[in-house]
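The values are calculated or read from the model by the stated rules, or taken from the named source; none is laboratory data. Predicted model only: the values in this text are computed from it and were never measured. So basically every Cβ, Gly included, is an ideal-geometry build from the backbone, and we count neighbours across all protein chains shown. We work out accessible area using only protein heavy atoms, side chains counted, and drop any ligands, DNA or RNA first. Shrake-Rupley method; radii C 1.70, N 1.55, O 1.52, S 1.80 Å.
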Amino acid sequence: FLDILSNHYPERLGRAVVFVPPKLFVGFYSLVSPFIDPVTKAKVAFVKPNDPAPAQSENSNSPWIAVEECFARDSLEKDCYGNWAFQYNHQVYWKAIEDEFAQTKAALLDKQN
C-alpha cells in the first residue's frame, strides 16, 4: 500500500494534521512510520489543542506540534478547539445554492441553443 502511494502519487500531501488522535492510532503510526518515506513522514503532525506541544530540538522526529503552528485559533471553530463561534444558517446557504444552480442551468441552456 505504501509502495503504491509513494510511486503513483509522489509529493501530493501538503500537510496532514490529526487532531486529538486516539492512542491506538498513535501506536499504529509509530509501528508503521519507519516504513514511510522521510519527506512524507515530516508532513504528518499530531495535535492535542489543549496541551502545549513538547519542546522539540532541531533533530527531533516527534510528530507532536502546537495547534498554533498550523492554524490561528480564531480561524478554527469551537468544535475544533478554536475561538470561532460559527452558527449555521440554512436560509443563507440554501439561497446561495439555489442561485448557483440557476446560473449553471442558464449557462447550460444557453450552450444548447
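Quote the convex hull volume per residue of the chain, based on C-alpha atoms, as a whole number of Å³.
On the way: hull volume 21.4 nm³, N = 113.
Roughly 189 Å³ of hull volume per residue.
Could you tell me what percent of the accessible area of the chain is made up of carbon and sulfur, with a 1.4 Å probe and every protein chain present? Intermediate results must be reported in sequence, preceding the final value.
On the way: 5410 of 9250 Å².
Of all accessible area on the chain, carbon and sulfur atoms account for 58 percent.
In the structure shown, do any of LYS43/LYS78; LYS41/LYS78; LYS43/LYS105; LYS78/LYS105 have a Cα-Cα gap over 30 Å, and if so which?
Values: LYS43/LYS78 25 Å; LYS41/LYS78 28 Å; LYS43/LYS105 41 Å; LYS78/LYS105 37 Å.
From the list (LYS43/LYS78; LYS41/LYS78; LYS43/LYS105; LYS78/LYS105), the Cα-Cα distance tops 30 Å for LYS43/LYS105; LYS78/LYS105.
Excluding the sites themselves, what is the longest stretch of the chain that contains no trypsin sites (Lys or Arg not before Pro) in a DSSP loop with at most 11 other C-beta atoms within 10 Å?
Working: sites that count: ARG12, ARG15.
Longest run free of exposed loop sites: 16-113.
Whole number in Å², please: accessible area per residue of the chain, 1.4 Å probe, ligands, DNA and RNA not counted. Don't skip to the end; give the middle numbers.
Working: 9250 Å² over 113 residues.
Per residue, the chain has an accessible area of 82 Å².
Amide H to amide H under 5 Å from PHE46: which residues, 5+ apart in sequence or cross-chain, H placed 1.01 Å off N in plane?
VAL18, TRP64, ILE65
Keeping all protein chains in place and using 1.4 angstrom, which order do TRP84, TRP64 fall into by accessible surface area, from largest down? Present the calculation step by step, with values, prior to reporting the outcome.
Values: TRP84 110, TRP64 60 Å².
Listed by decreasing accessible area, they come as TRP84, TRP64.
Can you tell me the relative contact order of the chain? Whole percent, Cα pairs under 8 Å, sequence separation 6 or more.
Working: 82 pairs, mean separation 18.8, N = 113.
For the chain, the relative contact order is 17 percent.
Per the helix-only calculation at 222 nm, which mean residue ellipticity applies to the chain, given -39500 (n - 2.57) for every DSSP H run of n ≥ 4 and division by its residues, nearest 500 deg cm²/dmol? Walk me through the numbers on the way to the answer.
Numbers: 4 runs with 44 residues, N = 113.
When only DSSP H runs of four or more count, the value is -12000 deg cm²/dmol.
So if R0 is 41 Å, what FRET efficiency would ALA107 and GLN87 give, r being the distance between their Cβ atoms, rounded to the nearest 0.05?
About 0.80, to the nearest 0.05.
Let's test the formula: R0 of 25 Å, r as the Cβ-Cβ distance of SER30 and ASP79. What FRET efficiency results, to the nearest 0.05? Intermediate values should be presented prior to the final figure.
On the way: r = 27 Å, r/R0 = 1.10.
The pair SER30/ASP79 has a calculated efficiency of 0.35.
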